Amino acid sequence: MKLSLFGQDFHLPTLVLTIAIGIAGALIARYLGLPLPWLLGAAIAVGVFALFDFSPIGHNLQFPIRLRVFFVPIIGVMIGGAFTPELVASIPLWWPTVLALLLYVPLSHAVSYLIYHRIGGYDRETAFFSAMPGGLIEAIAMGEEAGGDPVVLTLLQFSRLLLCIIIVPLAFTLVEGALVGSASGVSVGGPDKPPMTAYDAGILAICAIVGFLGFKRLKFPAAVISGPIFVSGLVHLAGIT
């Protein structure tokens, strides 16, 4: 049984199985209280099955990659939501951290790029975007658009994210001498955070569409995510939502 999507044919039962494995992995990760369960849980589950060439119906796991264009803008809108007036107003209070980041980020990016390109032997585009020290989705989207290998980009960026999630909390715990973050019961938001209304959802949907189509027309890199980030950031800074 075949299903045609975006000019490609997919084996429908295998496609359904792939989605089911991803959802199961996400639910298990959520039950275990792991960070980013809907992203990491699904990615780990599908990745493990794909690694061992799991094909119970005669086909390897498959999913229409182009379907991302409908979901990546949502991630961009969420990232843009971090740019609140309160955040901008607090920047002067943590200028030493900002200064350190201005030095550390390009340095770590350069060193990682040299390792991937000179030692790993990857092409310049793949090495450059694999070395990005932040932004899993952004790095993969921009790297693929620039001509990098999407499989290598995904593997290296995913490995970086996993190492950060494992090492950083442990490091903070050792330094502080006690559990920190979500491990200590801290959560983002809370009962005082107002729920999203239909008005908010509509504004954010417009941010995703206008940002993506506008940046694509202006030929900005990785418009599918950079546009929604920019427009959503402006809207949140203006206090519209």
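Condition check ((1) out of contact with any Leu (no Cβ under 8 Å at 6 or more places or on another chain); (2) open to solvent by 60 Å² or more (accessible area, probe 1.4 Å); (3) without any contact (Cβ under 8 Å) to a residue 24 or more places away in the chain) across all residues:
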residue: I28; (1), (2), (3): yes, yes, yes
residue: L32; (1), (2), (3): yes, yes, yes
residue: W38; (1), (2), (3): yes, yes, yes
residue: G41; (1), (2), (3): no, no, yes
residue: V48; (1), (2), (3): yes, yes, yes
residue: I57; (1), (2), (3): no, yes, no
residue: R66; (1), (2), (3): no, yes, no
residue: V72; (1), (2), (3): yes, no, no
residue: G76; (1), (2), (3): yes, no, no
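Return the residues of segment 6-44 that are assigned to a helix (DSSP H, G or I) and touching a Pro at 6+ places or on another chain (Cβ under 6 Å); say none if nothing qualifies. Show your work before the answer.
Taking segment 6-44 as the starting set, the residues that turn out to be assigned to a helix (DSSP H, G or I) are 12-32, 37-44.
Result: A26, A29, R30.
Could you tell me whether segment 106-116 includes any residue that is more than 23 Å from A222 (Cβ to Cβ) and not hydrophobic (A, V, I, L, M, F, W, C)? Looking for residues that are more than 23 Å from A222 (Cβ to Cβ) and not hydrophobic (A, V, I, L, M, F, W, C), one finds none in segment 106-116, hence no. In segment 183-190, is there at least one residue being more than 25 Å from Y104 (Cβ to Cβ), at pLDDT below 75, under 20 Å from the mean Cα position of the chain (by Cα) and open to solvent by 50 Å² or more (accessible area, probe 1.4 Å)? Yes, there is a match, as at least one residue in segment 183-190 is more than 25 Å from Y104 (Cβ to Cβ), at pLDDT below 75, under 20 Å from the mean Cα position of the chain (by Cα) and open to solvent by 50 Å² or more (accessible area, probe 1.4 Å).
The selection criterion, being among the hydrophobic types (A, V, I, L, M, F, W, C), farther than 30 Å from G214 by Cβ and assigned to a helix (DSSP H, G or I), does not hold for L3.
Which ones in segment 46-70 are assigned to a helix (DSSP H, G or I) and of a type in the set (F, W, Y)?
F49, F70
For W95, the criteria (1) loosely packed, with under 11 Cβ neighbours inside 10 Å; (2) part of a helix (DSSP H, G or I); (3) in contact with a strand residue (DSSP E or B) (Cβ under 9 Å, 6 or more places away or on another chain) hold in every case but one, which is (3). In segment 78-87, which residues are part of a helix (DSSP H, G or I) and open to solvent by less than 70 Å² (accessible area, probe 1.4 Å)? Listed by number, the residues that qualify are I79, G80, P85, L87. Restricting segment 98-136 to residues that are open to solvent by less than 40 Å² (accessible area, probe 1.4 Å) and modelled with pLDDT under 85, the residue that is farthest from the chain's Cα centre (by Cα) is G134.
Residue by residue, here is whether (1) part of a helix (DSSP H, G or I); (2) among the charged types (D, E, K, R); (3) touching a helix residue (DSSP H, G or I) at 6+ places or on another chain (Cβ under 8 Å) holds:
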| residue | (1), (2), (3) |
| --- | --- |
| P194 | no, no, no |
| A208 | yes, no, yes |
| F215 | yes, no, yes |
| K219 | no, yes, no |
| P228 | yes, no, yes |
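Pairs meeting the criteria (first residue in segment 1-26 and at negative phi, second residue assigned to a strand (DSSP E or B) and of a type in the set (A, V, I, L, M), beta carbons under 7 Å, at least 6 apart or on different chains) are F10/L3; L12/L3; L15/L3.
Looking only at segment 126-149, count how many residues are in a helix (DSSP H, G or I) and either small (G, A, S) or more than 20 Å from G227 (Cβ to Cβ) (or both). Summing the residues that are in a helix (DSSP H, G or I) and either small (G, A, S) or more than 20 Å from G227 (Cβ to Cβ) (or both) in segment 126-149 gives 8.
The values are calculated or read from the model by the stated rules, or taken from the named source; none is laboratory data. Worth saying up front: this structure is predicted, and the values here are computed from it rather than measured. FYI the Cβ positions are ideal-geometry reconstructions off the backbone, even for glycines, and counts take in every protein chain you see. All accessible areas refer to the heavy atoms of the entire protein, side chains included, with ligands and DNA or RNA removed. Shrake-Rupley method; radii C 1.70, N 1.55, O 1.52, S 1.80 Å.
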